[in-house]
Each structure stands twice: as C-alpha cells, then as structure tokens.
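Remarks on the structure that follows.
The values are calculated or read from the model by the stated rules, or taken from the named source; none is laboratory data. Because the structure is predicted, anything quoted here is derived from the model rather than measured. With ideal geometry, Cβ positions are generated from the backbone for all residues, glycine too; neighbour counts draw on all protein chains shown. Protein only, heavy atoms only, side chains kept; ligands, DNA and RNA dropped before computing areas. Shrake-Rupley method; radii C 1.70, N 1.55, O 1.52, S 1.80 Å.
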Amino acid sequence: MTAAPSDLVRLTGVRKAFASGTLALDGLDLAIGQHEFLSILGPSGCGKSTALRLIAGLIEPNGGTIEWPKGQAAGGIGFVFQEPTLMPWACVAGNVQLPLKLKSVPRAEADKRVAEALEMVGLDGFEDAYLRELSGGMKMRVSIARALVTRPRLLLMDEPFAALDEITRLKLNNDLLELWRAQSWTVVFVTHSVFESVYLSQRVAVMTARPGRIV
C-alpha cells in the first residue's frame, strides 16, 4: 500500500523478529494520520511496544515498509516510556533539559523551552525539585515534559499511566487530551485498557496476540 498524503507515517506488511527467535510482528499494516490521536490496544506481549519502537526508528523491521509521505520526523519524535526513566541525581529541570543538552541547544534557549514544557504539564514551580520529592504522577509529568521539550510533531506513548492509581491516571488522561487539542500533535498511545483507549482516542487500532497485526 502507498501512503496517502494525509498520513504522517504508514506501516505496510511490517515484520519484526528478534535474535531470540521471537516473532513479535507479522504483516502489520497501520496508517497514522497527521494530528490524529490513535490508540493501539491489545493484550500483553502482542507487539504494541515493538511497533512504537519501529516508528521511532529505535529498531529496524525485518520486512515490510515504513513510509513518511512528508519526510521522516527525524528530531520531531517524542517518546514517553511506561517507566519515567529519569535521573535521580538531577533536579526536574535537569531531567527535562537532557534532550536539549544532547543536541547542544544554547543554555538560554534551553531554559526557555524547559520552562515552557514544565508549564504545559503543570509543573511550573518545581524546576529545582528532586525525584524523591515527587509523587508517581508528578514523575510521569516530568517524563512527558522531557518528551515535549524538543517540540515534536509526533508523540509516542508506551502505556505511560499503567502503574498509576485510577484517580491520577484519569487526571493525566484529561491533561493529555487538553495538550493534544491545544498543540495539534500526532499522538500514538499504547494501552491494554479498553476504557482508556476509547476515552482518549479518535481511533483505536486493535492488535492480535503475538505475532501482532491489526485486526
């Protein structure tokens, strides 16, 4: 299949097998529209996270194609993992600033963008706080701010709220929707919660058990 001009990225017949012999994906077809909020829903181990990593370019497929009709979103992809994966020795601002530091963004510009990202996720005023002082939900907000600080056009989220309590999870779902509406990103959100996928998304792609494909 050829990607349509309105698609940001399209996966066609994608296959991914790992060195262990595990076949994670086989014949995965998935089109992601620009400015869309898409959830990928499926049972544990069906290849949802693998699909995200393929889109992000963190791993390569063994077969099939991944097309970017308007050019690959290199540098324009933010990734939020299930665990916050933050640096405990750094303050909130230091954690959020890391992607900009790796890109050698000048300090004044980096500080401005860190402040902007923290305000987006409701953590302005916590710049100098350390992780030990934060709740689980606040740590996830830091992780989201770190993904947003590069100003991505595609935000990939791998079950980011799965470990949080229900009240915190619903609050972050609502905040995420407000940000998406305001910023016009494309969001691909992986979950195994039927409620969360329906609540958040314009469209839900449901995957089979491994090897994963869209049904």
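Key figures for this structure:
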quantity	calculated
Helix 92-102 axis, angle to the chain major axis (alpha carbon atoms, nearest 10°)	60 degrees
Solvent-accessible heavy-atom area per residue, rounded to whole Å², over the stretch 36-176 at 1.4 Å	46 Å²
R0 of 22 Å, Cβ-Cβ distance Thr85-Ser184: FRET efficiency to nearest 0.05	0.25
Compactness of the stretch 1-148, expressed as Rg and Dmax over alpha-carbon positions, Å	17.8, 50
Folded to 0 to 90 degrees: helix 166-183 orientation relative to the chain principal axis, Cα	80 degrees
Inter-centroid distance (Cα atoms) of the stretch 38-109 relative to the stretch 119-157, Å	14 Å
Given charges at beta-carbon only (K, R positive; D, E negative), |dipole| of the chain in Debye	500 debye
Simple spin-label estimate for Asp111 and Val198 in nanometres, 7 Å along Cα-Cβ	4.9 nm
Protein accessible area in the chain, 1.4 Å probe - carbon and sulfur %	53 percent
0 to 90° range, to nearest 10: angle between helix 136-148 axis and the chain longest Cα axis	70 degrees
Antiparallel DSSP beta bridges within the chain, as percent of all bridges there, nearest 5	40 percent
Overall form of the stretch 21-87 per C-alpha gyration tensor (a/c, 1.5; a/b vs b/c)	rounded
Residue-averaged 222 nm ellipticity for the chain, from DSSP H runs of 4+ at -39500 (n - 2.57), nearest 500	-10500 deg cm²/dmol
Listed pairs Lys70/Lys112; Lys70/Lys139; Lys16/Lys101; Lys48/Lys112; Lys48/Lys70 exceeding 27 Å between Cα atoms	Lys70/Lys112; Lys70/Lys139; Lys16/Lys101; Lys48/Lys112
Percentage relative contact order, the stretch 75-215, counting C-alpha pairs under 8 Å, at least six apart	30 percent
Gain in span if fully extended, Ala56 to Trp68, counting 0.36 nm per residue against the direct Cα distance	3.1 nm
